[in-house]
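First up is the structure itself, then whatever we jot down about it.
The values are calculated or read from the model by the stated rules, or taken from the named source; none is laboratory data. The structure presented is a predicted model; accordingly, all values stated were derived computationally and were not measured. Heads up, the Cβs are rebuilt from the backbone with ideal geometry, glycines too, and the neighbour counts pull from every protein chain shown.
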């Protein structure tokens, strides 16, 4: 009798396991490369006008995404609405005339935005500075855990801080210095702007350098002539300088040579923690006219309620915004953002459809989130983490994607910010089933982990992963894939040329969607929460948020 009961229990367990696996496999079958192509082609078309916040393109995009979420069975995530209002201030800055630098009596007239790319975050119509002193502050970093303080010997109050891009480890190759070639958050431009403001600087200029920035100066140039978005507040923010911007690396060479310095030699000298900043004996004068508009943009999200723990959730994210209509390049003025980020929007919707096709819903809820204003500094996702419909400490994980290249199936799954959480180990197991392998980001110096919408979740202590096939084409190999990535960054990234092309191959994105769906399903249906790895700088944040 006892033996018969044991056999029955085992049989039921096997039957339940097979049924569960069949349900999961059926859901995977719903993920379609053709559907990814269709969504990408549509959301990246001229009819969406480049999907810029505060434009007709936003209205069309928000309506499209809300309908798409409803069609795959996701309920509104925000009290009966698919939309979450994100209050923002749009500032369009225009520099009148040139920027004048008086370097020990020698005047340099810099042209905006080619020599120097600057904006004013001040919520006022005119920002004018006259003969503001420039102070060189090394990398502009204060990092007590690394015994590093670039502001220790300088006074920047009311002045302009001039700082280097990235952080010292990149240029020395010393893995004991910060994280070596892997950029830390201290190397990110957003941190440098914030740190300068904390020290009372009225302006900050970052010296551009392509390897350290991760892109050429055209990205900063184009960004400075398009409207900028800032989180709305009722008063001037102490976290912002009056002027923020970048100096072209060629211009910086000329400026520092006039002062008797070689910028490359100075950069290496600044890689020593004993380095002291200095007054540059240079002042800056300029006048900026701002056009201001207060408005609300929209995060878009839907939720599939969990069967047992509906008050807990996993998040799938892909930002919807791009740059709208701007300067013409080769006769085209619509910045469609097909790869950035139309492919990831399609990826997220296919994962959502797979979840909604399950006969048995997972324990936890699933939220598909399309944040606004990622291109302006992760504003929408930051707002979401601060105003989430699910309590922050009950969000189990975030799965984000961005810039998914439609170039076919890949052997690798590249993890940006490798070494952070258990999610990577779970993904490695799924990758093996697909005949693939995990690849750490080969260019960690570009700091991509800090540049997309998973990062606000990480800063909130929520394990977050950003992973996609990128480095090793199944058909053509690594060199070919690397050339495709390089080609995209040089010719298409943040340019009107980021359009849909019929030759695009979406099979790799389909495979990526299947891999992330399996991991996301495991997290959504598992009693154990994924955790940060012991060496992660975000591990302590998770314990604090509980």
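Some notes on this structure:
- Extreme residue, surrounded by the most Cβ atoms within 10 Å (Cβ to Cβ), among residues of segment 498-524 that are more than 21 Å from residue 35 (Cα to Cα) and touching a strand residue (DSSP E or B) at 6+ places or on another chain (Cβ under 7 Å): 524
- Among (1) without any contact (Cβ under 8 Å) to a residue 60 or more places away in the chain; (2) in contact with a helix residue (DSSP H, G or I) (Cβ under 8 Å, 6 or more places away or on another chain); (3) closer than 24 Å to residue 285 by Cβ - the single one residue 204 does not satisfy: (1)
- Residue list for segment 363-402, restricted to those being part of a loop (DSSP other than H, G, I, E, B), out of contact with any helix residue (DSSP H, G or I) (no Cβ under 7 Å at 6 or more places or on another chain) and farther than 20 Å from residue 338 by Cα: 387, 388, 389, 390, 391
- Number of the exception - residue 419 against (1) crowded, with 19+ Cβ neighbours inside 10 Å; (2) under 21 Å from residue 517 (Cα atoms); (3) out of contact with any helix residue (DSSP H, G or I) (no Cβ under 9 Å at 6 or more places or on another chain): (1)
This table checks each residue for (1) out of contact with any strand residue (DSSP E or B) (no Cβ under 8 Å at 6 or more places or on another chain); (2) assigned by TED's automatic domain parsing to the domain that holds residue 320; (3) farther than 26 Å from residue 227 by Cα.
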site	(1), (2), (3)
45	yes, yes, no
50	no, yes, no
64	yes, yes, no
81	yes, yes, yes
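- Matching entry among 225, 211 (being over 16 Å from residue 158 (Cα atoms) and out of contact with any strand residue (DSSP E or B) (no Cβ under 9 Å at 6 or more places or on another chain)): 211
- Qualifying positions in segment 135-163 - over 30 Å from the mean Cα position of the chain (by Cα) and surrounded by fewer than 17 Cβ atoms within 10 Å (Cβ to Cβ): 152, 153, 155, 157, 158
- Residue match in segment 487-497 (condition: surrounded by fewer than 17 Cβ atoms within 10 Å (Cβ to Cβ) and free of Cβ contacts under 8 Å to residues at least 24 places away in the same chain): yes
- Flag for residue 478 being surrounded by fewer than 24 Cβ atoms within 10 Å (Cβ to Cβ), under 30 Å from residue 232 (Cβ atoms) and modelled with pLDDT of 95 or more: no
- Residue match in segment 163-173 (condition: part of a strand (DSSP E or B) and either at pLDDT 95 or above or under 23 Å from residue 455 (Cα atoms) (or both)): yes
- Only one of the numbered conditions (1) crowded, with 20+ Cβ neighbours inside 10 Å; (2) closer than 24 Å to residue 301 by Cβ is not met by residue 431, and that is (2).
- Leading residue by the ranking (surrounded by the most Cβ atoms within 10 Å (Cβ to Cβ)) among those in segment 164-183 that are touching a helix residue (DSSP H, G or I) at 6+ places or on another chain (Cβ under 8 Å) and within 16 Å of residue 206 (Cβ to Cβ): 167
- Meets criteria (outside the structural domain of residue 326 (by TED's automatic domain parsing) and either touching a strand residue (DSSP E or B) at 6+ places or on another chain (Cβ under 6 Å) or more than 16 Å from residue 246 (Cβ to Cβ) (or both)) for residue 191: no
- Condition met for residue 300 (within 25 Å of the chain's Cα centre (by Cα), loosely packed, with under 14 Cβ neighbours inside 10 Å and under 27 Å from residue 378 (Cβ atoms)): no
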